[in-house]
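FYI, it's all coordinate maths here, none of it is from the lab. These numbers were taken from a predicted model, which means no experiment stands behind them. Reconstructed Cβ throughout: ideal geometry from the backbone, glycine too, with neighbour counts over all protein chains shown.
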Amino acid sequence: QSALTQSVSVSGSPGQSITISCTGTSSDVGGYDYVSWYQQHPGKAPKLMIFDVSNRPSGVSNRFSGSKSGNTASLTISGLQAEDEADYYCSSYSRRSILVFGGGTKLTVL
Amino acid sequence: EVQLVESGGGLVQPGGSLRLSCTASGFTFSSYTMNWVRQAPGKGLEWVSYISSSSSTIFYADSVRGRFTISRDNAKNSLFLEMNSLRAGDTAVYFCARSSLRGSYYFDYWGLGVLVTVSS
């Protein structure tokens, strides 16, 4: 069982917006602004999409945005595109375990 | 271009040992904290271990502490993971991942991974 809780799957049509949530505790997500999000296509290495809750690395589309409220972080993808279909993982610094990941959310673009 | 290339994976019996390597290029390896992250077949990501640039700070996940040892050789741009007392639950693709200079707790570059299978 993963330390951070993510919904198993989410879907949306091209052009729509979707939000993936990531729930932790005050010992991780809620206590620090060290939440990051990764995109992983099948058989590929993960790719950093968001760091420190809401920052985008150079080269990542501005359709990807991150936020946090209390113990829950969120990744929003606007203007869904076919290539966004992938697994998405959140992670956070944890006072207890150093670094923890969520179980992953499978995004399907209909 | 930043590149991380893992090697050393394979099939090992329960209780056995294996040493993974990660060879880095395209950046000043000695300046960066490095990590190992694994992914069991069909499962999510699990952080395994962290080593600071000078090897002065090392962390392990509870699931591997006492069995795995992380190390690095900055002169050879290499990261290692010595895995002992392997269990079936250690079966996974192991990724080498670089921590960003801006923050140690997210990974800006990943290798393609190497498969470790623990089975009799």
Which listed residue is assigned to a strand (DSSP E or B), basic (Lys, Arg) and either within 17 Å of residue B:4 (Cα to Cα) or facing chain A (nearest Cβ under 8 Å) (or both), from B:102, B:72:
B:72
Residues (under 17 Å from residue B:47 (Cβ atoms) and in contact with an Asp or Glu (Cβ under 7 Å, 6 or more places away or on another chain)) located in the range A:55-94:
A:92, A:93, A:94
Hey, can you tell me all the residues within the range B:24-38 that are touching a residue at least 12 places away in the same chain (Cβ under 8 Å) and over 11 Å from the mean Cα position of the chain (by Cα)?
B:24, B:25, B:26, B:27, B:29, B:30, B:31, B:32, B:33
The number of residues in the range B:75-99 that are in a strand (DSSP E or B), in contact with a Leu (Cβ under 9 Å, 6 or more places away or on another chain) and either away from every other protein chain (no Cβ under 11 Å) or not hydrophobic (A, V, I, L, M, F, W, C) (or both) is 8
Kindly list the number of the only condition in (1) farther than 17 Å from residue B:47 by Cα; (2) in contact with a strand residue (DSSP E or B) (Cβ under 6 Å, 6 or more places away or on another chain) that fails for residue A:100.
(1)
Count, please, the residues in the range A:40-84 that happen to be surrounded by 15 or more Cβ atoms within 10 Å (Cβ to Cβ) and among the basic types (Lys, Arg).
3
Among strands (runs of 3 or more DSSP E) entirely inside the range A:2-110, those with 2 or more residues being more than 12 Å from chain B (Cβ to nearest Cβ) and touching a residue at least 40 places away in the same chain (Cβ under 8 Å) are A:9-12, A:18-23, A:72-77, A:105-109
